[in-house]
Ligand SMILES: [Zn+2]
């Protein structure tokens, strides 16, 4: 007969996993809301770190706006990290390794082609949630020669408070392993320079990645980045956008009252 303590521990684990999946579904649908213009058709994906060894990521071929439980796959982190350290020679090999990392049913939905960068960022940056979208306002800039200007400068205080003092900017790379490797390089450089993970990663000619501890933080970073993009685009129409001086950006980012406000936003109360 099964040990009742083990059964109880298993049941608790299932409840926690179900709650986490529900929070990821809610976040993904919120990011996929059509009026926000963050994604259309099958664009974008989200993930959530379950524990040190595993994570949930969106499956390919699902729309964010109406995604359900069947739209996510649980994967082991370790084999996904190994993919980046020792890239296989062919795409079919990469797919086979990714499929073998799936926890549970062997014939389920296929993980997103971008699952490798989710595993890498959840692991390297130590965050719990990731939201990757292709907002029109953001891509208007990332598909222009102003991408670096937008990524490395801040124009108003709440942009610095919510999105961080600057963003990491990744040159265009083929979605899949080449993109995951390019993101890893820039994320590591950012962490070495500033001693913390970026909150916002911008991908040239592609889209944005928000990194956070809670679904509220992912939604706030994405919304504030889109607002900043609209402001920048509007300022460009005047011919000469201005920016916050570097010392002001860091001052506002580190002010104790702003740190307190940021914590409330992250908890979803601000
Ligand atoms: Zn994408």
Residue under question is residue 216, and the condition is that it be within 17 Å of the chain's Cα centre (by Cα) and free of Cβ contacts under 8 Å to residues at least 60 places away in the same chain; does it hold? yes
Out of (1) assigned to a helix (DSSP H, G or I); (2) more than 27 Å from residue 205 (Cα to Cα), the odd one out for residue 75 is which? (1)
Please go through (1) free of Cβ contacts under 8 Å to residues at least 60 places away in the same chain; (2) assigned to a helix (DSSP H, G or I); (3) closer than 24 Å to residue 255 by Cα for residue 185 and return the number of the only condition it doesn't satisfy. (3)
Within the stretch 209-227, which residues are more than 23 Å from residue 22 (Cα to Cα) and either part of a strand (DSSP E or B) or within 16 Å of the ligand (Cβ to nearest atom) (or both)? 225, 226
Within the stretch 189-206, restricting attention to residues that are surrounded by fewer than 21 Cβ atoms within 10 Å (Cβ to Cβ) and closer than 23 Å to residue 37 by Cβ, which residue is nearest to the ligand (Cβ to nearest atom)? 206
Give the residue that is surrounded by the fewest Cβ atoms within 10 Å (Cβ to Cβ), with candidates limited to residues of the stretch 232-244 that are in a loop (DSSP other than H, G, I, E, B) and in contact with a helix residue (DSSP H, G or I) (Cβ under 9 Å, 6 or more places away or on another chain). 242
Residue list for the stretch 48-68, filter: within 16 Å of the ligand (Cβ to nearest atom) and outside any loop (DSSP other than H, G, I, E, B): 57, 58, 59
Look through 137, 151, 173, 147 and report the one residue that is within 13 Å of the ligand (Cβ to nearest atom), over 22 Å from residue 48 (Cα atoms) and at pLDDT 95 or above. 173
If you check 148, 96, 119, which single one turns out to be surrounded by fewer than 16 Cβ atoms within 10 Å (Cβ to Cβ), in contact with a strand residue (DSSP E or B) (Cβ under 8 Å, 6 or more places away or on another chain) and assigned to a helix (DSSP H, G or I)? 148
Within the stretch 29-47, can you find the residues that are away from the ligand (no atom under 13 Å from the Cβ) and touching a residue at least 60 places away in the same chain (Cβ under 8 Å)? 30, 36, 37
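Let's see how each residue does on (1) over 14 Å from the mean Cα position of the chain (by Cα); (2) in contact (Cβ under 8 Å) with a residue 40 or more places away in the chain; (3) within 29 Å of residue 29 (Cβ to Cβ); (4) not in a loop (DSSP other than H, G, I, E, B):
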| site | (1), (2), (3), (4) |
| --- | --- |
| 130 | no, yes, yes, yes |
| 138 | yes, yes, yes, yes |
| 144 | yes, no, no, no |
| 155 | yes, yes, no, no |
| 169 | no, no, yes, yes |
| 174 | yes, no, yes, no |
| 181 | yes, yes, no, yes |
| 190 | yes, no, no, yes |
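The values are calculated or read from the model by the stated rules, or taken from the named source; none is laboratory data. Because the structure is a prediction, the values reported are computed rather than measured. In this analysis, Cβ positions are derived from the backbone assuming ideal geometry, glycine residues included, and neighbour counts consider all displayed protein chains.
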